[in-house]
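Visitor: What follows is a structure written as structure tokens; I'll ask about it next.
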Amino acid sequence: MRAEIEECVRERIRIKAFLDTVKMPKLRTVLQLTYIECLDVDEIAIRLDYCSRQIQRLQDQALDLLET
């Protein structure tokens with residue numbers, strides 16, 4: 001169990017490092033809510049006052065930026 005927790009912590013640190021490379025605040029926020037706070041698309045849409053489809057587009061856009 002301890003090893004699993006430690007791996008989760010390491011993974012969160014790696015994700016946060018990737019988030020720091022995203023310069024657009026809106027995209028960074030969407031990624032943080034998705035991968036750090038573990039919210040689903042509908043929860044993020046409510047929190048940011050967007051429609052779910054727009055959140056999906058922002059997630060796609062942010063992930064595309066990270067892949068380049």
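Visitor: Kindly provide the GluC sites (Glu not before Pro) of the chain that DSSP labels as loop, not H, G, I, E or B, and whose Cβ sees at most 12 other Cβ atoms within 10 Å.
Guide: Sparse-neighbourhood loop GluC sites (Glu not before Pro): E37.
Visitor: Do you know the relative contact order of the chain, to the nearest whole percent, from alpha carbon pairs under 8 angstrom that are 6+ apart?
Guide: 29 percent
Visitor: Of all the C-alpha pairs in the chain, what % are more than 18 Å from each other?
Guide: Above the 18 Å cut-off, the chain has 39 percent of its Cα pairs.
Visitor: Quick one: helix 2-21 against the long Cα principal axis of the chain, what's the angle to the nearest 10°, folded into 0 to 90?
Guide: 40 degrees
Visitor: Please report the net charge: other residues with Cβ closer than 14 Å to the Cβ of E6, K and R +1, D and E -1.
Guide: Combined, the nearby Lys, Arg, Asp and Glu give +1.
Visitor: What is the percent carbon and sulfur in the accessible area of the chain, measuring with a 1.4 Å probe over the protein chains and ignoring ligands? Write down the numbers at each step before the final one.
Guide: Working: 2840 of 5050 Å².
Its accessible area is 56 percent carbon and sulfur atoms.
Visitor: Quickly estimate the mean residue ellipticity at 222 nm for the chain, helices only: each DSSP H run with n ≥ 4 gives -39500 (n - 2.57), and the total goes over all residues, rounded to 500. The partial results should precede the final answer.
Guide: Working: 4 runs with 55 residues, N = 68.
One gets -26000 deg cm²/dmol as the mean residue ellipticity at 222 nm.
Visitor: What is the helix-to-structure angle for 25-35, meaning the angle in degrees between its Cα long axis and the longest Cα principal axis of the chain, kept from 0 to 90 and rounded to the nearest 10?
Guide: Between helix and principal axis, roughly 50 degrees.
Visitor: Hey, another quick one. Taking only protein heavy atoms into account and a 1.4 Å probe, give the accessible area per residue of the chain in Å².
Guide: Counting only protein heavy atoms, the per-residue value for the chain is 74 Å².
Visitor: How charged is the neighbourhood of Y50? Take every other residue with its Cβ under 10 Å from the Cβ of Y50, and add Lys/Arg as +1 and Asp/Glu as -1.
Guide: Counting the neighbours of Y50, the net charge comes to +3.
The values are calculated or read from the model by the stated rules, or taken from the named source; none is laboratory data. The shown structure was predicted, so the numbers you read here are calculated from the model rather than taken from an experiment. Glycine also receives a Cβ, built like all others from the backbone with ideal geometry; neighbour counts cover every protein chain displayed. Ligands, DNA and RNA are stripped out before the accessible areas are found, and what is left, the full protein with its side chains, is counted by its heavy atoms. Shrake-Rupley method; radii C 1.70, N 1.55, O 1.52, S 1.80 Å.
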